[in-house]
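Contents: one structure, followed by commentary.
The values are calculated or read from the model by the stated rules, or taken from the named source; none is laboratory data. Just so you know, these numbers come straight off a predicted model, no measurement behind them. Using ideal geometry, Cβ is built from the backbone for each residue, glycine included, and neighbour counts are taken over all protein chains shown. Ligands, DNA and RNA are stripped out before the accessible areas are found, and what is left, the full protein with its side chains, is counted by its heavy atoms. Shrake-Rupley method; radii C 1.70, N 1.55, O 1.52, S 1.80 Å.
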Amino acid sequence: MSEPRRWGPPERLERSALLVPASNYAMIRKAAAAAADAVCLDLEDAVAPGGKEAARANVIRAFRELDFGPRLRVFRINALDTPFAYRDLIEVVEAAGDRLGLVIVPKVERPADVHFVDTLLTQIEAHRGFAGRVGIEAQIETASGCLHADAIAAASPRLEALIYGPGDFAASTRMPLANIGEPDDDDALYPGHRWHYVMQRIVVAARAYGLRCLDGPYAGFRDLEGFRRSCAIARALGFDGKWCIHPGQLATANAAFAPPAAQVAWARTVLDEYARATAEGRGAIAVEGKMIDAASLRLARDLVARAEAVAARGAG
């Protein structure tokens, strides 16, 4: 396994990722102007087998013709154990790779899955002469993916994020689940958070290798209070953002994964005091009666960086 990358703030802001069926161009057009940090055109679960080819054409058309503004342009390919994945990559990336930010790979189970996508992207970019490099986000949504999360996180320099897939993970582990992302009777029966292990495993693996991590969707798009609680749990565990399946969820996700003003004020005070102490030759500092160590400084820098990214996104 390679050495972990240096820990630091995420390079891209991704508090909210709006998932859109690639088969519905009218929805894609609306999503391009939505209040999301990222827009993902989905070729996998949202598209029937007979509609994959037409959906790819929609993805290409959208990335080449629509103005997504500051939003990350993302599309999700089909799983690598299907006959669709390689055509998803070749057709879309060859035609629109110069307009594309990220490719999401579902059901990643081992580092070799990421290696395959990385190699194919490298060949396509070389063939087409693209100057930029398309990033990868890997979905951890099976027992095998959870087991190999560390190795997956270290698999490629292209990898930018790990994403938790609650529905498929529940199916893979045979854990009863009525509605994706929502609490149910089985949550009440278990004395704890049933999904804590896999979610924390994803966060730790992502952070060890300098990656972002995103929580999966919440099926009850009309239940904003439930969605807000789901966001709060994910944020408490360390996630950077959450998948949204409806534009009505975006404002809640954006607010939940933005640093609170009080925390940002504390972080700026810490950095100011540290700079003053360094200039005066002092090694130790205290803020609001509490000693500040190296971990506090890293946290403060991350908070300020995220706050500035949020402010820039709002201005954009």
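Annotations
- Residue pairs whose Cβ atoms lie under 7 Å apart, separated by 6 or more positions or on different chains, with the first residue in segment 280-309 and acidic (D, E) and the second in a loop (DSSP other than H, G, I, E, B), are D302/P9.
Let's see how each residue does on (1) more than 21 Å from R110 (Cβ to Cβ); (2) polar (S, T, N, Q); (3) out of contact with any His (no Cβ under 8 Å at 6 or more places or on another chain):
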| residue | (1), (2), (3) |
| --- | --- |
| A126 | yes, no, yes |
| G135 | no, no, yes |
| A153 | no, no, yes |
| S156 | no, yes, no |
| P166 | no, no, yes |
| R201 | no, no, yes |
| L211 | no, no, yes |
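- When residues in segment 229-254 are screened for being touching a strand residue (DSSP E or B) at 6+ places or on another chain (Cβ under 6 Å) and either hydrophobic (A, V, I, L, M, F, W, C) or free of Cβ contacts under 8 Å to residues at least 12 places away in the same chain (or both), 8 of them pass.
- Residues of segment 9-31 that turn out to be among the hydrophobic types (A, V, I, L, M, F, W, C), open to solvent by less than 60 Å² (accessible area, probe 1.4 Å) and not in a strand (DSSP E or B), as a count: 5
- Residue check for F63: in a loop (DSSP other than H, G, I, E, B) and among the aromatic types (F, W, Y): no
- Qualifying residue in segment 241-251 (condition: more than 16 Å from the chain's Cα centre (by Cα), surrounded by fewer than 17 Cβ atoms within 10 Å (Cβ to Cβ) and among the small types (G, A, S)): yes
- Note on segment 288-312: among residues that are within 20 Å of the chain's Cα centre (by Cα) and among the acidic types (D, E), the one that is surrounded by the most Cβ atoms within 10 Å (Cβ to Cβ) is D302.
- Looking only at residues in segment 57-71 that are farther than 12 Å from I28 by Cα and of a type in the set (K, R), the one that is most open to solvent (accessible area, probe 1.4 Å) is R64.
- Any hit, segment 264-285, residues being in contact with a Leu (Cβ under 7 Å, 6 or more places away or on another chain), within 21 Å of A236 (Cα to Cα) and hydrophobic (A, V, I, L, M, F, W, C): yes
- No other residue among A48, A54, A34 is of a type in the set (G, A, S) and either touching a Pro at 6+ places or on another chain (Cβ under 6 Å) or open to solvent by less than 10 Å² (accessible area, probe 1.4 Å) (or both) apart from A34.
- For V204, the conditions (1) open to solvent by 50 Å² or more (accessible area, probe 1.4 Å); (2) under 26 Å from P247 (Cβ atoms); (3) within 18 Å of the chain's Cα centre (by Cα) are fulfilled apart from (2).
- The set of residues in segment 76-96 that are open to solvent by less than 50 Å² (accessible area, probe 1.4 Å), part of a helix (DSSP H, G or I) and in contact with a helix residue (DSSP H, G or I) (Cβ under 6 Å, 6 or more places away or on another chain) comprises L89, V92, V93, A95, A96.
- Among the strands (runs of 3 or more DSSP E) confined to segment 207-311, the ones with at least 1 residues that are at pLDDT 85 or above are located at 212-215, 241-244.
- The residues in segment 260-274 that are more than 15 Å from A286 (Cα to Cα), without any contact (Cβ under 8 Å) to a residue 40 or more places away in the chain and not aliphatic (A, V, I, L, M) can be counted, and the count is 1.
- Entry remark, segment 255-310: residues being basic (K, R), touching a helix residue (DSSP H, G or I) at 6+ places or on another chain (Cβ under 9 Å) and closer than 30 Å to R12 by Cα number 3 in total.
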